[in-house]
Amino acid sequence: MLKIADRTFRSRLFLGTGKFSSAETLKQAIEASGSEMITVALRRVDLNDPADDIMNVLDREQYLFLPNTSGARDAKEAVRLARLARAAGSGDWLKLEVTPDPRTLLPDPIETLKATEELVKDGFIVLPYINADPVLALRLQDAGAAAVMPLGAPIGTNLGLITKFQVEIIIDQARVPVVVDAGLGAPSDAALAMEIGADAVLVNTAISVAGDPVKMAAAFAQAVEAGRGAYESGLGKKSSEASASSPLTGLDFIKT
Amino acid sequence: MKITCNGETKEIPSNTTLVSFITDMNLNPDTVVAECDSRIIKRDEYDTLILSDGNVLELIRFVGGG
Amino acid sequence: MFKIPPFHQLQEQIRSAGDADVRRSLRTAHLSTYDLASLLSPAADNHLEAMAKRSVDITAMRFGKTTQIYAPLYVSSFCKNRCSYCGFSADNKIERRILSLEEAETEAMLLHQRGFNHILLVSGEAPAKLGVDYLEQLALRLRDRFAAISIEVQPLSTEEYARLFAAGITSVAIYQETYDRETYDQVHISGQKCDFDFRLDTPARAAAGSMREIGIGTLLGLSDWRAEGLALGLHLAWLRKNFWRTALTVSFPRLRPAAGEFQPLFNVTERDLTQLIFALRIFDPDLGIILSTREEERYRNGMIGLGPTRYSAGSCTAPGGYSNPDTNGEQFSIGDLRTIDEVCAAIKQKGFDPVRKDWDAGFQLL
């Protein structure tokens, strides 16, 4: 069972709810994924289309809503969004996302750390989204983050786990759960993230824009289980084989 | 009197409470977060807060996101 | 706080490892403590050459073809503890001496002239005779002349370590001696050192006090060396997780004749020591491994580049012994009597670069 802060989760697949073609598809995809925590964003109500409301289809009792601060370009905006989210009744959980560059949507490390420090002091349970920077991950843990969420690849690129090497370092050093978030384009990517020891993954685009999002969601769920099972059964990692060219170390100098 | 809501100017009668403004816009008060003049309004204040001329209102809610 | 499992549990874990476990561990890129246990097991003895190869490659990748040189400077042989294995034990009748600050500075300058830039200040544990004030003042005197000053003295508090760090001490060596509680109680007869847990927590306090580097270690020959190796691995992993900014080193002084005529409780051969070094190198690629002059010239030469990264040289373990080589009252007798120049020549001959200066006080002192 996965434990983050004071909650336990049976499913290690978290779902993002953006970019779905319809609320109904979203609802079915979440059900097919088995996910217990979904991310949501905060936006201005469209006064011309007031009925467009995700809350109509999703049951707050069934899933833990993890509001994100997408749109925030600095710590100040992120903190404001966080407080709005809390006022909206989502509790203290927060996915901190500070992405000043709209082209790449890559997270700003400095603003993320600043915001984390402030939000932790204010009682939030902060899950920061970051580039796969091991030192940044450590600094955020020191600041009280409840988990760290390093990206596999930039949001929406579906490139898979291109940050594998750094993510492995993060996992090795982590004192909190590690959730690989963004860029996972196929179930095999999710399985790989789990095999190397990630505690969970967050998937959005790969499911929402798939031909059959509901089926894809189910496939991801299976992949996450497979990867985790492999990890728990002690999957041996391939060693980067030492070069055969070094001269052999004669040990005959050792006294018997 | 005039207030601004989500960047748009709205004409409203005086003595309008926040909750009635929200419901008049066909929104469910339970699913909407309100910021008035940069201050987050608590849920239990919705029916007591009376809007004044020139208020800048932001109505925000959860939407799909990653 | 760091907690060590019962010693017999560590021994069982090691004993349960077989040949297949060793092979699997040797193939793994990220070793767990389970893998360390298998590399420390008797089954790994058949794979010593393979371990050597891995150790050589990892050491070269992380440390380059270099070996760091340092010298110990014994400033006091006064000690309030009675420890059955140590030449400085309170009940041993030896010549006790504490160097005045001037004398210590003179000794240090001799080392400086001989080419040392890293020194280790060593003393017995007698806080009333040698405390933080003394160390602070000595550090202030020496910091301009030495790139790095380490201490191996009585356990101190976090605040005291922070004070010494500000004065110019860069690193702290504190050896648990043995992680086997039963043996620990047996060989520590009286004094503050009897407190196993207080000592065990000391590396954490030093790291919390901003020390850049912590050295841990065990005295080989007190208990089962394999389980000591596993305990060291656990301690290192815990320190890395909780004090990620702190560099770590390990040392395995092997019991040698001392004034107290203590016979090692376990016989630890050079081959055992070698397996221990390889296992820890493979388990923790970034670990500094120290090989002191307790070991003989032949062995120390052979091990250059195979895992150890730091050598002491020209050592004297009696206070004042550098100025006056006839000084009695040493802590242990030296196995490798060569001068620093001779050791550096041997390192060069093996194709490695002896590094006398690897740090600069400028980084730490404002």
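The values are calculated or read from the model by the stated rules, or taken from the named source; none is laboratory data. Worth saying up front: this structure is predicted, and the values here are computed from it rather than measured. Here the Cβ is made from the backbone with ideal geometry for all residues, glycine too, and neighbour counts use every protein chain on show.
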* Can you spot a residue in segment A:152-163 that is within 14 Å of chain C (Cβ to nearest Cβ) and surrounded by 19 or more Cβ atoms within 10 Å (Cβ to Cβ)? -> no
* To do: State all residues of segment A:1-23 that are of a type in the set (A, V, I, L, M, F, W, C) and either at pLDDT 95 or above or surrounded by fewer than 18 Cβ atoms within 10 Å (Cβ to Cβ) (or both); if no residue qualifies, say none.
  => A:Met1, A:Leu2, A:Ile4, A:Ala5, A:Phe9, A:Leu13, A:Phe14, A:Leu15, A:Ala23
* Provide a single number: the residues in segment C:294-312 that are over 19 Å from C:Leu219 (Cα atoms), more than 10 Å from chain A (Cβ to nearest Cβ) and not β-branched (Val, Ile, Thr). => 1
* Among the candidates A:Glu61, A:Glu36, residue that is modelled with pLDDT of 95 or more and either within 13 Å of chain B (Cβ to nearest Cβ) or on the phi < 0 side of the Ramachandran plot (or both) -> A:Glu36
* State whether one or more residues within segment C:109-117 are closer than 22 Å to C:Thr67 by Cα and modelled with pLDDT of 95 or more. => no
* **Unmet criterion (only one of (1) aliphatic (A, V, I, L, M); (2) assigned to a strand (DSSP E or B); (3) over 21 Å from A:Asp189 (Cα atoms)) for A:Met149** => (3)
* To do: Determine whether segment C:154-164 contains at least one residue that is in contact with a Lys or Arg (Cβ under 8 Å, 6 or more places away or on another chain), surrounded by fewer than 17 Cβ atoms within 10 Å (Cβ to Cβ) and among the small types (Gly, Ala, Ser).
  => yes
* Considering only segment C:32-54, state which residues are under 22 Å from A:Glu168 (Cα atoms) and either of a type in the set (Val, Ile, Thr) or within 13 Å of chain A (Cβ to nearest Cβ) (or both). => C:Ser32, C:Thr33, C:Tyr34, C:Asp35, C:Arg54
* Structure fact -> Conditions (1) farther than 17 Å from C:Gly217 by Cβ; (2) out of contact with any Pro (no Cβ under 6 Å at 6 or more places or on another chain); (3) in a helix (DSSP H, G or I) -> C:Cys344 fails only (2)
* Asked: Out of (1) within 14 Å of chain C (Cβ to nearest Cβ); (2) in a helix (DSSP H, G or I), the odd one out for A:Leu119 is which?
  -> (1)
* To do: Among the numbered conditions (1) more than 13 Å from chain B (Cβ to nearest Cβ); (2) surrounded by fewer than 21 Cβ atoms within 10 Å (Cβ to Cβ), tell me where A:Ala145 comes up short.
  => (2)
* **Residues of segment C:38-63 classified as touching a helix residue (DSSP H, G or I) at 6+ places or on another chain (Cβ under 6 Å) and closer than 18 Å to C:Arg15 by Cβ, total** => 7
* Asked: Before we move on, is C:Val132 within 28 Å of C:Ile189 (Cβ to Cβ), among the β-branched types (Val, Ile, Thr) and buried (at least 23 other Cβ atoms within 10 Å of the Cβ)?
  -> no
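Rundown of residues vs (1) surrounded by 15 or more Cβ atoms within 10 Å (Cβ to Cβ); (2) touching a strand residue (DSSP E or B) at 6+ places or on another chain (Cβ under 9 Å); (3) within 8 Å of chain A (Cβ to nearest Cβ), yes/no style:
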{"residue": "B:Glu8", "(1), (2), (3)": "no, no, yes"}
{"residue": "B:Ser14", "(1), (2), (3)": "no, yes, no"}
{"residue": "B:Thr17", "(1), (2), (3)": "yes, yes, no"}
{"residue": "B:Met25", "(1), (2), (3)": "yes, yes, yes"}
{"residue": "B:Thr31", "(1), (2), (3)": "yes, yes, yes"}
{"residue": "B:Ser38", "(1), (2), (3)": "no, yes, no"}
{"residue": "B:Leu49", "(1), (2), (3)": "yes, yes, no"}
{"residue": "B:Ser52", "(1), (2), (3)": "no, yes, no"}
{"residue": "B:Glu58", "(1), (2), (3)": "yes, yes, yes"}
* **Conditions (1) in contact with a strand residue (DSSP E or B) (Cβ under 6 Å, 6 or more places away or on another chain); (2) surrounded by 23 or more Cβ atoms within 10 Å (Cβ to Cβ); number of the one not met by A:Ser90** => (2)
* Structure fact -> Given the conditions (1) buried (at least 16 other Cβ atoms within 10 Å of the Cβ); (2) within 9 Å of chain B (Cβ to nearest Cβ), every one holds for A:Asp46 apart from (1)
* Picking from A:Ala226, A:Ala210, A:Ala230, which residue would you name as being farther than 30 Å from C:Gly302 by Cβ, at pLDDT 95 or above and either surrounded by fewer than 18 Cβ atoms within 10 Å (Cβ to Cβ) or more than 14 Å from chain B (Cβ to nearest Cβ) (or both)? -> A:Ala226
* Taking the options A:Arg60, A:Arg83, A:Arg73, name whichever one is within 22 Å of B:Asn6 (Cβ to Cβ), free of Cβ contacts under 8 Å to residues at least 60 places away in the same chain, among the charged types (D, E, K, R) and part of a loop (DSSP other than H, G, I, E, B). => A:Arg73
* Residues that are in a loop (DSSP other than H, G, I, E, B) and more than 9 Å from chain A (Cβ to nearest Cβ), drawn from segment C:6-31 -> C:Pro6, C:Ser16, C:Ala17, C:Gly18, C:Leu31
* Within segment C:321-347, tally of residues that are in contact with a Lys or Arg (Cβ under 6 Å, 6 or more places away or on another chain) and surrounded by 18 or more Cβ atoms within 10 Å (Cβ to Cβ) -> 3
* Asked: Do any residues in segment C:70-96 that are farther than 25 Å from C:Leu138 by Cα and touching a residue at least 24 places away in the same chain (Cβ under 8 Å) have Cβ atoms under 6 Å from those of residues that are of a type in the set (D, E, K, R) and in a loop (DSSP other than H, G, I, E, B), where the two are at least six apart or on different chains, and which pairs are they?
  -> C:Arg82/C:Asp91
* To do: Can you tell me which residue among A:Leu26, A:Leu96 is at the interface with chain B (Cβ under 7 Å from one of its Cβ atoms) and either in contact with a strand residue (DSSP E or B) (Cβ under 9 Å, 6 or more places away or on another chain) or modelled with pLDDT under 95 (or both)?
  => A:Leu26
* Can you name the number of the only condition in (1) within 15 Å of the chain's Cα centre (by Cα); (2) of a type outside the set (Asp, Glu); (3) more than 21 Å from A:Gly250 (Cα to Cα) that C:Leu276 fails? -> (3)
* For segment A:23-39, does any single residue satisfy the condition of being within 21 Å of B:Glu58 (Cα to Cα) and either of a type in the set (D, E, K, R) or not in a helix (DSSP H, G or I) (or both)? -> no
* From C:Asp180, C:Asp185, C:Asp201, C:Asp195, residue being among the acidic types (Asp, Glu), over 21 Å from C:Ser76 (Cα atoms) and surrounded by 21 or more Cβ atoms within 10 Å (Cβ to Cβ) -> C:Asp180
